[in-house]
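One structure is given here, and the rest of the page talks about it.
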Amino acid sequence: MKETTLFEQPRYQTAVSHFQTLYGPGDITVFRAPGRVNLIGEHTDYNHGYVMPVAIDRDVVILARSRADGVVRLANVEPEFAPFSFALSPNIPSAPPGDWSNYVRGAAQMVAQQVGEKRPLIGFDGLVVAAPPFGVPRGAGLSSSSALTVAAAVTLAHLNEWQPPLDQFAARCSRAEWYVGTRGGVMDHFASLLGRPGQALFLDCRPGENGRYATQYATLPSGYQLLIANSGVKHRNVGGGYNYRVAACRAGVALLRRRFAGITHLRDVENVDWGELEPLLPEETAVSNLIQQGIDLGDIPNLPTDARLRVRANCRHVWSENWRVRQAVDALNGGDIARLGQLLHAAHASARDDYDISCPEIEMLVGILNSQPGVLGARLTGAGWGGCVVALVEAGEITAVVHHAQTAYHAATGIDPDVFVCTPSGGAGFVAALER
Ligand code: NG1
C-alpha cells in the first residue's frame, strides 16, 4: 500500500496524531501483525501435529520511533491498557500476571537474546493500535495475544536489523509467549507471520532434524466465504483448562511410551489404530496419580495436583484431529468442498465431546449456523471455552447467514455477536514509514 494512501485512512490519521501528542513530531514507522482463524486442527500444535489456519484481515498495529538507548516505551490507543517502559535485555523482569505488557516483554527478551551483544540494542517509543473494528477481537480465539507478541517482535527485529527465516522467527515468537505463563504451540505465530492472501496455511508443527518447519498453502475455493461469529464469551489461556489439556496429552504420551518405545508426542502414533491405543490410556485420573507413576508434569504452570485429567478422550481428540487435517488438505486440493464441510462438523464434535472445550453459547452459535442453507460446516475455533465459531458458507448465502446468526443468537442469549466475513490476509511485517 502506498504511504499516502495508508496515512490518509482515518485509522492511521488518528493514530499518528495520538503518537505525536505522546512523543512529539518526527519519523514514524508502522508495523502490523494479523490475528488468525484456525480452519481445522485444534490443540494439535503442541502435540507436533497438523494445523490449517488463515491470517485474518484484523490486526495489531504498532507505530514506532527508534531509540538508541535500548529503552522500549509503549502506549495503547485504548486507555484501559496502561503505558509502560522497560530496558531491552536478555532477561527482562515481568509485570504481574495478566498485565498486557508481558506479551511485549516476552517478545523483546527473545529479540534481545537473538541480537545478542554484537551491537547496542535499539529500543523504540511506540503506540499500539488494535481497537475495534480493525483490531483483532480480544479473548475471541483469534490470537490477539499472539498478534501483539508478533507485532512487538517484528518491530524490534526490524529496528535491530535482525532478519531470521520466517519459520524460525515464528517458532521463537511462540516460545517467547511462554513468558506469560502458557505452554502454547506454534500455530498462531506461524499464521500471523506466514499468512498469505486468499490462502490457508497447512503447517506441520513438528520441526525437521534441521529445525526447519514444512509449510504448504491451500487456496480457498472461489464461491465460498469464511464467516467468523464471535460468541462474546471471553476465553483466556493463562491458567486453567489449556494447561490441563497440555498435561493430559503429555501424560498420554508417557503412558503410551511403555508400549511404543521412543515416542515423544502424540503425533508419533498417528498411524497406529486407535483401538490399540485406547486400552493403554486411563479414562480419567488425577495429576497426583500420574506424578506417582513417575510422569513429569512439573514444568507446566497452574496445574494443581488434584486436577482430574481425561487422558483417553483428550488423546483421542488429538489423534483423530490430525487425521482430519490431512483429509481437509486433500479435500481443499481436490476441490471437494462438501467433504471439507463434513470434516469441520466432525472436528467440532470431537473438540466438544473429547476435548471438552465448548460451552453453551458456542453450541448455540454452531447450531444456528448449521441450520442455515449454504452453510457447509461450522466449528469452534481457537483454544475454546468461548471465543469464535468459523463457518464455511456459500458466497450467495453469506449475507442472509450473517443476518440470521446475529438476530437468532441475540434472541437466544441477549448477546450481540460480532459476525463478519473474513478475507484471508498477508503476514506480519513492515507496513510503511512516515518521514517528517
Ligand atoms: P488461542 O485460541 O489464540 O488462544 C491457543 C494456542 C494455540 C493452539 C490453540 C488451540 C497460544 C498462544 N495459542 O490459541 O497454540 O494450541 O489454542 O488449537 O497458546
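The values are calculated or read from the model by the stated rules, or taken from the named source; none is laboratory data. Computed from a predicted model, the values in this text were never measured in an experiment. Quick reminder, even Gly has a Cβ in these numbers, built from the backbone with ideal geometry, and neighbours come from all protein chains shown.
Listed values, structure above:
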{"read-out": "Residues within the stretch 287-344 that are buried (at least 16 other Cβ atoms within 10 Å of the Cβ), aliphatic (A, V, I, L, M) and assigned to a helix (DSSP H, G or I), tallied", "value": "14"}
{"read-out": "Residues within the stretch 84-114 that are more than 21 Å from the chain's Cα centre (by Cα) and closer than 19 Å to L159 by Cβ, tallied", "value": "11"}
{"read-out": "Residue in the stretch 41-55 that is away from the ligand (no atom under 16 Å from the Cβ) and assigned to a loop (DSSP other than H, G, I, E, B) present", "value": "no"}
{"read-out": "Matching residues in the stretch 151-175 - criterion: being within 16 Å of the ligand (Cβ to nearest atom), of a type outside the set (D, E, K, R) and under 21 Å from D204 (Cβ atoms)", "value": "F169, A170, A171, C173, S174"}
{"read-out": "The stretch 210-231: number of residues that are away from the ligand (no atom under 16 Å from the Cβ) and assigned to a loop (DSSP other than H, G, I, E, B)", "value": "8"}
{"read-out": "Answer residue from the stretch 374-391, given it is more than 13 Å from the ligand (Cβ to nearest atom) and buried (at least 23 other Cβ atoms within 10 Å of the Cβ) and is farthest from V51 (Cα to Cα) among those", "value": "V375"}
{"read-out": "Contacts under 6 angstrom Cβ, first residue in the stretch 305-334 being under 11 Å from D354 (Cα atoms), partner among the small types (G, A, S), 6 or more apart", "value": "V311/A248; V311/A251; V311/G252; N314/A248; C315/G252; H317/S350; S320/S350"}
{"read-out": "Hey, Q216 crowded, with 17+ Cβ neighbours inside 10 Å, modelled with pLDDT of 95 or more, more than 27 Å from L303 (Cβ to Cβ) and not hydroxyl-bearing (S, T, Y) or not", "value": "no"}
{"read-out": "Failed item in (1) in contact with a Lys or Arg (Cβ under 7 Å, 6 or more places away or on another chain); (2) more than 16 Å from the ligand (Cβ to nearest atom), with A112 passing the rest", "value": "(1)"}
{"read-out": "For Y217: the one exception among (1) free of Cβ contacts under 8 Å to residues at least 40 places away in the same chain; (2) over 18 Å from the mean Cα position of the chain (by Cα)", "value": "(2)"}
{"read-out": "Matching residues in the stretch 401-417 - criterion: being buried (at least 16 other Cβ atoms within 10 Å of the Cβ) and outside any loop (DSSP other than H, G, I, E, B)", "value": "V401, V402, H404, A405, Q406, A408, Y409, T413"}
{"read-out": "Candidates S358, S350, filtered to the one that is within 16 Å of the ligand (Cβ to nearest atom) and either in a loop (DSSP other than H, G, I, E, B) or farther than 15 Å from G41 by Cβ (or both)", "value": "S358"}
{"read-out": "Tabulated pairs, the stretch 82-108, first within 17 Å of R138 (Cα to Cα), second assigned to a loop (DSSP other than H, G, I, E, B) and hydroxyl-bearing (S, T, Y), C-beta under 9 angstrom, 6+ apart or interchain", "value": "S101/S94; N102/S94"}
{"read-out": "Pairs with Cβ under 7 Å, 6+ apart, first in the stretch 43-71 and more than 29 Å from A112 (Cβ to Cβ), second away from the ligand (no atom under 13 Å from the Cβ) and among the acidic types (D, E)", "value": "Y50/D204"}
{"read-out": "Search result, residues across the stretch 179-209 that are under 13 Å from the mean Cα position of the chain (by Cα), under 27 Å from G98 (Cα atoms) and assigned to a helix (DSSP H, G or I)", "value": "M187, D188, H189, F190, A191, S192, L193"}
{"read-out": "Leading residue by the ranking (nearest to the chain's Cα centre (by Cα)) among those in the stretch 131-143 that are under 18 Å from T423 (Cβ atoms) and among the small types (G, A, S)", "value": "S143"}
{"read-out": "Scope the stretch 11-40; condition among the charged types (D, E, K, R) and either within 16 Å of the ligand (Cβ to nearest atom) or surrounded by fewer than 24 Cβ atoms within 10 Å (Cβ to Cβ) (or both); matching residues", "value": "R11, D27, R36"}
{"read-out": "Test result for L148, at pLDDT 95 or above and within 16 Å of the ligand (Cβ to nearest atom)", "value": "yes"}
{"read-out": "Search result, residues across the stretch 370-395 that are free of Cβ contacts under 8 Å to residues at least 40 places away in the same chain and either hydroxyl-bearing (S, T, Y) or over 30 Å from T44 (Cβ atoms) (or both)", "value": "S371, P373"}
{"read-out": "Residues being loosely packed, with under 15 Cβ neighbours inside 10 Å and without any contact (Cβ under 8 Å) to a residue 40 or more places away in the chain - total across the stretch 261-281", "value": "9"}
{"read-out": "Counted residues, the stretch 45-60 - those being under 30 Å from V129 (Cα atoms) and touching an Asp or Glu at 6+ places or on another chain (Cβ under 8 Å)", "value": "2"}
{"read-out": "Within the stretch 176-204, tally of residues that are more than 9 Å from the ligand (Cβ to nearest atom), in contact with a Phe, Trp or Tyr (Cβ under 8 Å, 6 or more places away or on another chain) and over 25 Å from S89 (Cβ atoms)", "value": "8"}
